[in-house]
Amino acid sequence: MTVPSTTVVHAGVLLADARETPRAQQSLLIEEGRITSVAPGFVAAPPGAAVVDLRDKFVLPGLIDCHVHLTAQL
């Protein structure tokens with residue numbers, strides 16, 4: 001199975017920069033694992049690109065969940 005090198009994410013609400021106001025209905029173009037552009041609206045994907053439909057989600061690119069509970073069983 002080959003993984004597309006280009007992905008379009010349709011975001012219902014996008015917070016790309018914590019210093020800015022979240023923006024509604026945005027599309028992210030991801031090429032080779034990096035966001036290369038953000039466009040208003042839900043744009044058509046280029047031929048062969050994967051599409052991730054998050055039109056009803058709040059999207060935070062780059063957010064990594066580093067929360068963990070460590071327990072010791074002695």
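The values are calculated or read from the model by the stated rules, or taken from the named source; none is laboratory data. This is a predicted model, so every value here is computed, not measured. For neighbour counting, all protein chains shown are included, and Cβ atoms are generated from backbone atoms with ideal geometry for every residue, glycine included. What goes into the accessible areas is simple: the full protein's heavy atoms, side chains included, and nothing from ligands, DNA or RNA. Shrake-Rupley method; radii C 1.70, N 1.55, O 1.52, S 1.80 Å.
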Here the FRET efficiency for LEU15 versus THR71, based on Cβ atoms and R0 = 30 Å and rounded to 0.05, is 0.40
Does the chain come out rounded, prolate or oblate, given a ≥ b ≥ c as the square roots of the eigenvalues of its C-alpha gyration tensor, rounded meaning a/c under 1.5 and, failing that, prolate meaning a/b above b/c?
-> oblate
Probe 1.4 Å, heavy atoms of protein chains only: per residue, the accessible area of the chain in Å² is 79 Å²
Considering only DSSP beta bridges with both partners in the chain, what is the antiparallel share in %, to the nearest 5?
-> 65 percent
Please report, in debye to the nearest 20, how large the charge dipole of the chain is about its Cα centre when each Lys and Arg carries +1 at its beta carbon and each Asp and Glu carries -1 there.
-> 100 debye
Of every hundred units of 1.4 Å-probe accessible area on the chain, the number belonging to carbon and sulfur atoms, as a percent, is 57 percent
